[in-house]
Amino acid sequence: MPSLYSKTKDMASMKKNKNRQGEITMNLHTGRKLKGTITVPGDKSISHRSVMFASLAEGVSEITNFLEGADCLSTIDCFRKLGVDIRVEADMGRVFIHGKGLYGLSASSSTLDAGNSGTTTRLISGILAPQPFSTRLTGDDSIQRRPMRRIIEPLTKMGAHMISEKNNDCAPLTIHGRSLHGIHYRTEVASAQVKSAILLAGLYADGITKVTEPYVSRNHSEIMLRLFGADIHTEGTTAVLTPGSTLTARKIHVPGDISSAAYFIAAASIVPGSEILIRNVGINPTRDGILKVAQSMGANITIENVHTENGEACADIFVRSASLHGTQIGGSLIPTLIDELPVIAIMAAFAEGTTVITDAAELKVKESNRIDVMVKNLQAMGCDIEATDDGMIIHGGKPLHGACIPSHGDHRIAMSFAVASMMAEGETEILDRECVNISYPGFYADLKRLC
Ligand code: S3P
């Protein structure tokens, strides 16, 4: 059976191409139908939070199915530097965290490095703002371009003292700990990273902290903070946190990441004759937009074995190939599928008719400018697609051909185009393909195994 990529050729092409600015390239070949059962790695958002909240809890927390992707390892590294004893059982997804309590972190002797991770940078800022010490925080080139005004402004309103070193509202940031007071903050965009940063600072504030969003963003912080013992509840699109409770260590099993499952949902939907089962995926309603949109495009998806783990809804997802049609995506749906929009654009390219994505300007400030990059790369494959101010318009149904795809070091771009390559005529080359390690080490091997 032809495989997605040939290992020998892969190695050869890696050697040949190891060069242009240190990039590694790889040739993917048009694949065949996907068959079988897969378990995707643990949820990235929940993995980050488990380390952060367990570090602030009293006692030893045990986390299982932890995502050992580069982003979550950056979070572990930062908390170790803040004095937390964290033991990772390598390749087991099991992590033991000896919590320090809310007031037990110590100053880091060196700069904290969030790597490529926006979640690490923004959430940890909310924890650092009320500490009795100063911290310098930075990350890679992509992180140093991403907007931090959105956390600097509300945290400063709470009394924080944050300095953007280059005066451009981006990292590197120096955060001088101060005592904080609760606020009621209304965010311009629905962002779980911003909401969580404010709520985490609110744990230390004098008085109640409220965050109101235009639409509800992912609510993993609210669910997990409550599990650890915080006094937090929601009223519509407002999260309300009352400080004063201590956090207590917990055992947490991290469900499979729906954002990682999305690549297989898309691939199995577009490659004729496919039939796969994805086991134990988180289907929290603030994250399940991909399922709703895929179904609205005509995808053949069945949700089985629905259950709850640590307050998070989980299920098995059964996907069969189907002929897809275009759809409209906007409004309150956007935060529930923001990270899946690149692969949804790939599904749309193979769907009959037009798909219109609106209200998604946030895509421009992710790990890459995902509107720009998706449009240019899909055009390179022959797709009729145009960028708009807040999304894209995709006229699907035209056959696509292979192309050379710059991933811009963005894991979700690399994985989306690995999916596209399966239905494109000819060879597709994805540049800097190893960036998938940010959220899904083993992605290519898992995809190959199903083909
Ligand atoms: C995340 C929230 C989202 C998402 C990111 C992870 C989180 O970002 O894009 O990958 O874990 O809170 P925003 O909250 O900025 O939209």
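Listing for the model above:
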read-out: Any strands (runs of 3 or more DSSP E) falling wholly within region 85-154 and containing at least 1 residues that are more than 16 Å from the ligand (Cβ to nearest atom) and at pLDDT below 95; value: 85-89
read-out: Options 56, 82, 102: the member that is within 25 Å of residue 133 (Cβ to Cβ) and without any contact (Cβ under 8 Å) to a residue 60 or more places away in the chain; value: 82
read-out: Count - residues of region 285-332 that are at negative phi and part of a helix (DSSP H, G or I); value: 9
read-out: Filter result for residue 279 (within 16 Å of the ligand (Cβ to nearest atom), among the charged types (D, E, K, R) and closer than 24 Å to residue 66 by Cβ); value: no
read-out: Conditions (1) open to solvent by 10 Å² or more (accessible area, probe 1.4 Å); (2) within 13 Å of the ligand (Cβ to nearest atom); (3) within 19 Å of residue 278 (Cβ to Cβ): number failed by residue 340; value: (1)
read-out: Selection count where residues are more than 12 Å from residue 255 (Cα to Cα) and open to solvent by 30 Å² or more (accessible area, probe 1.4 Å), scope region 275-297; value: 5
read-out: Residue ID - surrounded by the fewest Cβ atoms within 10 Å (Cβ to Cβ), chosen from residues in region 398-449 that are of a type in the set (Gly, Ala, Ser) and over 21 Å from the mean Cα position of the chain (by Cα); value: 426
read-out: Scope region 310-333; condition of a type outside the set (Asp, Glu), open to solvent by 10 Å² or more (accessible area, probe 1.4 Å) and farther than 19 Å from residue 272 by Cβ; matching residues; value: 310, 311, 313, 327, 328, 330, 331, 332, 333
read-out: Residues of region 32-46 satisfying the condition of being assigned to a loop (DSSP other than H, G, I, E, B) and either within 16 Å of the ligand (Cβ to nearest atom) or open to solvent by less than 10 Å² (accessible area, probe 1.4 Å) (or both); value: 34, 40, 41, 43
read-out: Residue list for region 212-227, restricted to those being under 26 Å from residue 161 (Cα atoms) and either touching a residue at least 40 places away in the same chain (Cβ under 8 Å) or within 12 Å of the ligand (Cβ to nearest atom) (or both); value: 213, 221, 222, 225
read-out: Lone qualifier among 374, 347, 381 - being among the aliphatic types (A, V, I, L, M) and within 16 Å of the ligand (Cβ to nearest atom); value: 374
read-out: Selection count, region 123-134, where residues are under 19 Å from residue 194 (Cβ atoms) and open to solvent by less than 10 Å² (accessible area, probe 1.4 Å); value: 7
read-out: Check on residue 332, among the small types (Gly, Ala, Ser), more than 27 Å from residue 171 (Cα to Cα), within 15 Å of the ligand (Cβ to nearest atom) and touching a residue at least 60 places away in the same chain (Cβ under 8 Å); value: yes
read-out: Of all residues making up region 130-188, the number that are of a type in the set (Ser, Thr, Tyr) and touching a Gly at 6+ places or on another chain (Cβ under 9 Å); value: 4
read-out: When residues of region 352-371 are limited to those that are crowded, with 24+ Cβ neighbours inside 10 Å and not in a helix (DSSP H, G or I), the one nearest to the ligand (Cβ to nearest atom); value: 367
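The values are calculated or read from the model by the stated rules, or taken from the named source; none is laboratory data. Since the model is a prediction, treat every value here as computed from it, not as a measurement. Cβ coordinates were reconstructed from backbone atoms using ideal geometry, including for glycine residues, and neighbour counts include every protein chain displayed. For the accessible areas, the whole protein counts, side chains as well, though only heavy atoms, and no ligand, DNA or RNA atoms are used. Shrake-Rupley method; radii C 1.70, N 1.55, O 1.52, S 1.80 Å.
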